[in-house]
Amino acid sequence: MRIIPAIDIINGKCVRLTKGDYSTKKIYNEDPLETAKSFEDIGIKYLHLVDLDGAKSNSIQNGKVLEKIVSNTNLKIDFGGGIKTEASAKEAFELGASQITVGSIAAKNPDLVYEWISNFGADKIILGADVNNQKIAINGWQESTQIDLNAYLKSYLSKGIQSVICTDISKDGMLEGSSIALYAQLLDVFPSLKLIASGGVTTLQELDELASIGLEGAIIGKAIYENKITLKQLETYVN
């Protein structure tokens, strides 16, 4: 199973939120590249990079951070936040993203994202499924929808999407454990899904549990920054 640390960016700095609430912002590092390098140094190969300023606007706001990390590491980066147009999708790839994660735009304008799947390839796009009580949430989790999670996944799997990052908003940043039951349920319905867990991962034991039910990867954020899972422990885990 892939271990995928998360770096969330506001004003060029590495931050974390709780349940997606921007008022809970906590800055962990002024230099995201330093954080990214610390992950690469222990053998991590993947990075989940989110432009939180972009998520609240209509364009990428922290592209320079992406470019800087790409230029100075060998990490494979999936990038999200502010990708609302085909031009911004192209921009992310030109800046060096290996994949882009699309969430709000995928819920609000699926026909547009279907075009991107055709133009860029399904393997270049990760579907973001931010969930609250089995319904999709959008716009940095500030807005709920009535879109059913299973129906949402089914529609995109039919278009060739394979990878999905599923975040249970109620778990994110709470350090109370991830939604293992939800993930098991999704894999039961969609056994071929490359499902990536996000939100609430707190212990190495949870990583073992997620791997055992067949997840493709697990994104870890606050647990690293709050030293619930240390880089030393992760180094042992990934190697």
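Quick notes on this one:
- Which of Glu34, Glu226, Glu216 has the fewest Cβ neighbours within 10 Å, and the rest in rising order: Glu34, Glu226, Glu216
- Tail fraction, Cα-Cα pairs, segment 161-225, threshold 13 Å, whole percent: 56 percent
- Amide H contacts of Thr167 (H built 1.01 Å from N, under 5 Å, at least 5 apart or other chain): Ala129, Asp130, Val131
- Two-decimal log10 I(q)/I(0) for the chain, as the Debye equation yields it once each C-alpha is a single scatterer, q = 0.13, 0.17, 0.18 Å⁻¹: -0.71, -1.34, -1.54
- Using a Gaussian network model of the chain in which every pair of alpha carbons under 10 angstrom is joined by a spring, one finds that among Ile165, Ile220, Ile180 the greatest mean-square fluctuation is at Ile180.
- For segment 21-141: rounded, prolate or oblate by the Cα gyration tensor [a/c cutoff 1.5]: oblate
- For Tyr156, neighbours were defined as the other residues whose beta-carbon sits under 15 Å from its Cβ, and their charges (Lys and Arg +1, Asp and Glu -1) total 0.
- Highest average packing first - 230-239, 103-112, Cβ atoms within 10 Å: 103-112, 230-239
- DSSP-defined beta bridges in the chain - what % are antiparallel, rounded to 5: 25 percent
- Each helix, a run of at least 4 DSSP H residues, gives -39500 (n - 2.57); summed and divided by the residues of the chain, these come to -10000 deg cm²/dmol at 222 nm.
- Taking the fewest neighbouring Cβ atoms within 10 Å as the starting point, the ordered list for Thr167, Thr73, Thr24 is Thr24, Thr73, Thr167.
- The distance between label points at Asn11 and Glu226 comes to 2.3 nm (points 7 Å beyond Cα on the Cα→Cβ vector).
- 5 angstrom amide H check on Ile147, placed H, neighbours 5+ away: Ile136
Values quoted throughout were computed directly from the atomic coordinates according to the rules given, and no laboratory measurement underlies them. Keep in mind that this is a model prediction, so the values were computed, not measured. All Cβ positions, glycine included, derive from the backbone under ideal geometry; neighbour counts span all protein chains shown.
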